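Here is the structure we will look at, set down as structure tokens.
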Ligand SMILES: [Zn+2]
């Protein structure tokens, strides 16, 4: 048994190396499609159907399920894109140092792509029919907001009970059970230009107005309620000696509960409907991009199942509330019980020193496979198969 697992570990790392060494930044279609082609052929060789959803300017999205699957209840979402530009893989290719692997996207989320494939492989090898209860969506634009794949994710989500999102686990192996929702707004202020030397009193400064608005907008922040507002970008004016005729601000809003967005938007509108500098005009545009990922009765049940399996695998799985958004927001918003952070352990995502903790790869793969198995068989009288636990016993 030990030999089989070690063999698998080598296979996993080999595939990971291949994937990491292909640049697949969100805007690099060719690279993403190359990653997709490798994964496609892996899944096909296992007997899975791979449906390619072609895109002109972005990487193709893939939907994968077994031909014998009938109304699968579990969906897995993983992304093939990274945040790194073309040339990064050549500059700093996949590298192993002790228990750590490095390279662009190694843990966000190429190790997860490997993990999902091997979880399916493991289920098939142990003749656990749970592999027929899964539909996998591999998208190409998660790092830039999933604008082109959201509809597909929601389509796959139809009729699903559980969504497992395989972003990296927390450093201590935690799973992500809640995420904030994110909204973006653009504020444009039109002022009245004037020469600041000779006609100062005739001007109406758009910059001064946006400064007032910035202070008021920041006051919407309420840490206790988990609401934050950040005017993160400002530009305006034409020259130092001109009263600014125009100014713009970009605002990032985070919320914890979906219902909070209405009140926040109302406040933004209120603040922006009443210019402090009379004679300036304000326009606001924007919306909620990703709803918050929330806990529900059903997701609590899912969390407990994952934690229980973790215990059996000898790992303590804590819950984490992450501020950043993921595709779990979409599935959660649809009412699907969602857990994120099901991928391997690592850190420093989006940075040059991003790393994967190699020993977590087989453990998290076992966790994923066993979770799928448990979700599939929990309402039947079949005895729970514990075959996957062998993986953990042999990696030490
Ligand atoms: Zn990611």
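The values are calculated or read from the model by the stated rules, or taken from the named source; none is laboratory data. This is a predicted model, so every value here is computed, not measured. As a convention, Cβ positions derive from the backbone with ideal geometry for all residues, glycine included, and neighbour counts pool all protein chains shown.
Before moving on, here are some points about what is shown:
- Between 119, 89, the distinction of being assigned to a helix (DSSP H, G or I), farther than 16 Å from residue 75 by Cβ and touching a helix residue (DSSP H, G or I) at 6+ places or on another chain (Cβ under 9 Å) belongs to 89 only.
- Filter result (surrounded by fewer than 19 Cβ atoms within 10 Å (Cβ to Cβ), in contact (Cβ under 8 Å) with a residue 40 or more places away in the chain, touching a strand residue (DSSP E or B) at 6+ places or on another chain (Cβ under 9 Å) and assigned to a loop (DSSP other than H, G, I, E, B)) within region 137-190: 145, 161, 170, 171, 172, 174
- Odd one out for residue 212 among (1) under 27 Å from residue 36 (Cβ atoms); (2) in a helix (DSSP H, G or I); (3) in contact (Cβ under 8 Å) with a residue 60 or more places away in the chain: (1)
- Screening residue 322 with (1) modelled with pLDDT under 95; (2) closer than 17 Å to residue 368 by Cβ; (3) within 16 Å of the ligand (Cβ to nearest atom) gives one miss only, at (2).
Here is a yes/no grid of residues against (1) touching a strand residue (DSSP E or B) at 6+ places or on another chain (Cβ under 9 Å); (2) more than 30 Å from residue 127 (Cα to Cα); (3) within 16 Å of the ligand (Cβ to nearest atom); (4) modelled with pLDDT of 95 or more:
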site: 51; (1), (2), (3), (4): yes, no, no, yes
site: 60; (1), (2), (3), (4): yes, yes, no, yes
site: 75; (1), (2), (3), (4): yes, no, no, yes
site: 80; (1), (2), (3), (4): yes, no, yes, yes
site: 84; (1), (2), (3), (4): yes, yes, yes, yes
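- Test for residue 104: is it buried (at least 20 other Cβ atoms within 10 Å of the Cβ), assigned to a loop (DSSP other than H, G, I, E, B) and within 16 Å of the ligand (Cβ to nearest atom): yes
- Region 326-350 residues that are within 14 Å of residue 179 (Cα to Cα), paired with ones that are more than 15 Å from the ligand (Cβ to nearest atom) and part of a loop (DSSP other than H, G, I, E, B) (beta carbon under 7 Å, 6 or more apart): 329/291; 329/292; 332/294; 333/291; 337/161; 337/296; 341/174
- Boolean, residue 264 is under 28 Å from residue 329 (Cα atoms) and not in a strand (DSSP E or B): yes
Table: residues versus (1) within 16 Å of the ligand (Cβ to nearest atom); (2) modelled with pLDDT under 95; (3) under 26 Å from residue 375 (Cβ atoms).
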| residue | (1), (2), (3) |
| --- | --- |
| 87 | no, no, no |
| 99 | no, no, no |
| 114 | yes, no, yes |
| 120 | no, no, yes |
| 143 | yes, yes, no |
| 162 | no, no, yes |
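- Verdict on residue 299 being under 15 Å from the mean Cα position of the chain (by Cα) and either away from the ligand (no atom under 16 Å from the Cβ) or in contact (Cβ under 8 Å) with a residue 60 or more places away in the chain (or both): no
- Taking (1) surrounded by fewer than 22 Cβ atoms within 10 Å (Cβ to Cβ); (2) within 16 Å of the ligand (Cβ to nearest atom); (3) under 25 Å from residue 297 (Cα atoms) in turn, residue 313 satisfies each apart from (2).
- Residue within region 123-136 that is surrounded by fewer than 18 Cβ atoms within 10 Å (Cβ to Cβ), within 20 Å of the chain's Cα centre (by Cα) and at pLDDT below 95 present: no
- Tallying residues that are buried (at least 16 other Cβ atoms within 10 Å of the Cβ) and over 19 Å from residue 194 (Cβ atoms) within region 268-281 yields 3.
- Screening 248, 320 for residues that are surrounded by 13 or more Cβ atoms within 10 Å (Cβ to Cβ) and over 28 Å from residue 378 (Cβ atoms) leaves exactly one candidate, 248.
- If the condition is being outside any strand (DSSP E or B) and loosely packed, with under 14 Cβ neighbours inside 10 Å, then region 222-243 contributes 223, 224, 225, 238, 239, 240, 241.
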